[in-house]
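Notes follow once the structure below has been shown.
The values are calculated or read from the model by the stated rules, or taken from the named source; none is laboratory data. Keep in mind that this is a model prediction, so the values were computed, not measured. Note that each Cβ is placed from the backbone with ideal geometry, even for glycine, and that neighbours are counted across all protein chains shown. Side chains included, ligands, DNA and RNA excluded: accessible areas come from the protein's heavy atoms. Shrake-Rupley method; radii C 1.70, N 1.55, O 1.52, S 1.80 Å.
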Amino acid sequence: MRSIQRTLTRSDLTGIAAVCLAVCVIGVSYGATAITSGLPAWLPIVLSVLVLAGGAEFLFVGIIAAGGGPIAAVLAGLLVNARHLPYGLALPDVLGTGWRRLLGTHVMNDESVAMALGESDRERSRASYWLCGLGVLLAWPLGALLGVGLGTAVPNPDEFGLDAVFPAVLIALALPALRDGATRRAALAGAVAAALAAPFLPAGIPVLLALPAAFLALTAGSMIGRIRTARRTSEFVPSNAPNADRTTAP
């Protein structure tokens, strides 16, 4: 594979750097939240390295801090991370083979997948995935470590708005893709499904419901487009076409 400098543009590198910076900032909030919830200092750091999934880790820490059992916290985290299954199916040529696939699966997250799917060229997609994934692998534990160190000085991290940085960056990355009508309709369907389910389901589950809703919207849009194309084609077929039935006089 060509070097990353030759494969990715300056805009790609800037976007990945912004994502990693946002991940680090959210990691600070995560580490501080874990400490202020009474959890041991080593727990968020170990989770940030071994799990490397912010949503699942926040949910795990929240359940433990609320008095829930570790088994329930682990099962909830696994359920939230079930969205990685379609991620892997969408990126078969990016993860590589052998030990690279193991490492590639570990660094699979929302950010690296979003950066990879945003590229049309396979080489650029692969380079974006690996650079963003490895960057998050460094940024997330670093942020958690800083958060643990600053946890006693920041009694309530949400007052500083750190929890809003990460979603804001993801929205900024998704905005260019929303120029496409089909993508926009799928995103809207997923957002509506998640918003309707949020008041009734635990955190993380509405996101899972957004995936099939977006898929159904894409499938329906594709089928409608094919039907319209078929109708337009049939309208332009002349009645005296060579394949039309003809009756010859005796």
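Here the dipole of segment 1-120 is about 260 debye; that uses its Cα centre as origin and unit charges on the Cβ of Lys and Arg (positive) and Asp and Glu (negative). Sorting 212-221, 142-151 by average packing, meaning the other beta carbons within 10 Å per residue, from highest down gives 142-151, 212-221. A simple rule links phi to the HN-Hα coupling: the Karplus curve 6.51 cos²θ - 1.76 cosθ + 1.60 with θ = phi - 60°, which for segment 44-54 gives x, 5, 5, 5, 5, 8, 7, 8, 6, 8, x Hz, with x for Gly and Pro. Placing a label point 7 Å from the Cα of Arg122 along the Cα-to-Cβ direction, the residues of segment 68-99 with a backbone N closer than 14 Å are 91-97. Surface exposure of segment 1-159, expressed per residue as accessible area with a 1.4 Å probe, stands at 50 Å².
Counting only protein heavy atoms and a probe of 1.4 Å, the accessible surface of segment 1-101 is 70% carbon and sulfur.
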